[in-house]
Amino acid sequence: MLGDEHAIVQAVWLHHGPYEVVIAPDGGGYLDLATLYRNLVKELAAGADRDRLSVTVKDGDWVFGSTLVDNALTAIGLTAGQLPTRLFCPQVVTDTGAKLSKSLIWDGQASLPAGSAPWMLDTRMRPGSLSEYADRLLEMAATFLSDPRHFFRSYSAGELGRLMSQSTRSVTTP
């Protein structure tokens, strides 16, 4: 809502609850846009070198936030052909389909989803060698990159745990 001397921003977060802030010239309120500004600056800087193709890789939950960044980039004069190229990675979700929130798990406000393991939040806890872990990650990345369909779906934390515990060369997307 917008008044003559203030703006009221309201949002409801699935797990964090309702949020409201009044932004006014007399110092009322605080709205954290740091992530949006940071992304705007990074993507503008990456696109400044026209001799190099820059591709920004983002998590799937940034699809909608990127629209705001694009609006800001066009507001400063970029054309549609100058907007950054982005690759959105599959989103990691819980067994209910909600976005996996590592911060809520760390804060004790949510539990680790079924089928996932503590090492998924702290890779230092993963059993086995660092070399084996790197091999599994590279193998899984190669599988995902082998077929674009992998980028148009979400993966549960449990499924990623399963993929990391077996050879992913035979994984297919239904």
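The values are calculated or read from the model by the stated rules, or taken from the named source; none is laboratory data. Please read these numbers as outputs of a predicted model, since none were measured by experiment. With ideal geometry, Cβ positions are generated from the backbone for all residues, glycine too; neighbour counts draw on all protein chains shown. Calculation scope for accessible area: heavy atoms of the full protein, side chains included, ligands and nucleic acids excluded. Shrake-Rupley method; radii C 1.70, N 1.55, O 1.52, S 1.80 Å.
Below, the figures for the structure above:
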| read-out | value |
| --- | --- |
| Number of positions in the range 5-50 that are under 30 Å from ALA110 (Cα atoms), in a loop (DSSP other than H, G, I, E, B) and not acidic (Asp, Glu) | 7 |
| Close pairs from the range 105-133: first under 18 Å from SER156 (Cα atoms), partner loosely packed, with under 10 Cβ neighbours inside 10 Å, Cβ under 8 Å, at least 6 apart | TRP119/PRO127 |
| Residue that is nearest to GLU159 (Cα to Cα) [pool: residues in the range 59-90 that are of a type in the set (S, T, N, Q) and open to solvent by 70 Å² or more (accessible area, probe 1.4 Å)] | THR67 |
| Sole residue being at pLDDT 85 or above, open to solvent by 70 Å² or more (accessible area, probe 1.4 Å) and not β-branched (Val, Ile, Thr), chosen from ARG169, ARG124 | ARG124 |
| Qualifying position, being in contact with a Lys or Arg (Cβ under 9 Å, 6 or more places away or on another chain) and small (Gly, Ala, Ser), among GLY47, GLY60 | GLY60 |
| Of the criteria (1) surrounded by 14 or more Cβ atoms within 10 Å (Cβ to Cβ); (2) in contact (Cβ under 8 Å) with a residue 24 or more places away in the chain; (3) more than 30 Å from GLY17 (Cβ to Cβ); (4) not acidic (Asp, Glu), which one VAL93 fails | (3) |
| Of residues in the range 127-160 being farther than 23 Å from PHE88 by Cβ and in contact with a helix residue (DSSP H, G or I) (Cβ under 8 Å, 6 or more places away or on another chain), the one most open to solvent (accessible area, probe 1.4 Å) | PRO127 |
| Residue in the range 45-58 that is touching a helix residue (DSSP H, G or I) at 6+ places or on another chain (Cβ under 7 Å), closer than 30 Å to PRO118 by Cβ and open to solvent by less than 70 Å² (accessible area, probe 1.4 Å) present | yes |
| Every pair of residues 6+ apart whose Cβ atoms lie under 9 Å, when the first sits in the range 48-68 and is touching a residue at least 40 places away in the same chain (Cβ under 8 Å) while the second is assigned to a loop (DSSP other than H, G, I, E, B) and among the small types (Gly, Ala, Ser) | GLY60/SER154 |
| Any hit, the range 19-36, residues being closer than 23 Å to PHE151 by Cα, over 21 Å from the mean Cα position of the chain (by Cα) and either exposed (fewer than 11 other Cβ atoms within 10 Å of the Cβ) or of a type outside the set (D, E, K, R) (or both) | no |
